[in-house]
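*Asks:* First the structure, which I've put down as structure tokens, then a few questions once you've had a look.
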Amino acid sequence: MTGLGITITSVTVLVLLAEFLRHRHAPLAGYGWLGLMTLGLAEWLVFRGFQPVTIYFTPIAWTAYLLLSDAAVLAIRGHSRLTISHVSSLESRCFRSLSGWFSRRTTCAWGTGLI
């Protein structure tokens, strides 16, 4: 069953790569290469059993996938979600979300005596 999964994944990646190379109008953006390297490094570290990466692999992988796919869209279409003028608004929303999550987490930790 593992062999079938690897085969399906490999064929999917090859088809996506072939279509990307056929339709792109610009090279892959730098953040796309960063996403690809992050994904490769994270998978290598997971198979090596590196503890922080094994715990947080899903958010690391999804961030890498988003960077890579957005850079591919930019190379094909000439514009993407991360390159629009609303990036500063997106960044501020992300930072507000993270700060809100962190403040709730520390409040819960303070209440339980963990900190």
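The values are calculated or read from the model by the stated rules, or taken from the named source; none is laboratory data. Just so you know, these numbers come straight off a predicted model, no measurement behind them. Here the Cβ is made from the backbone with ideal geometry for all residues, glycine too, and neighbour counts use every protein chain on show.
*Asks:* Could you tell me how many of the residues in the stretch 1-21 are loosely packed, with under 10 Cβ neighbours inside 10 Å and under 14 Å from LEU74 (Cα atoms)?
*Replies:* Going through the stretch 1-21 one residue at a time, the tally reaches 1.
*Asks:* Might you let me know whether the stretch 24-44 holds any residue that is surrounded by fewer than 10 Cβ atoms within 10 Å (Cβ to Cβ) and either in contact (Cβ under 8 Å) with a residue 40 or more places away in the chain or part of a helix (DSSP H, G or I) (or both)? Spell out the reasoning first.
*Replies:* Keep residues of the stretch 24-44 that are surrounded by fewer than 10 Cβ atoms within 10 Å (Cβ to Cβ), which gives 25.
If we keep only those that are either in contact (Cβ under 8 Å) with a residue 40 or more places away in the chain or part of a helix (DSSP H, G or I) (or both) as well, we get 25.
Yes, that holds for at least one residue.
*Asks:* Out of (1) modelled with pLDDT under 90; (2) surrounded by fewer than 12 Cβ atoms within 10 Å (Cβ to Cβ); (3) not small (Gly, Ala, Ser), what's the single condition that is false for LEU82?
*Replies:* Among (1) modelled with pLDDT under 90; (2) surrounded by fewer than 12 Cβ atoms within 10 Å (Cβ to Cβ); (3) not small (Gly, Ala, Ser), the lone unmet condition for LEU82 is (2).
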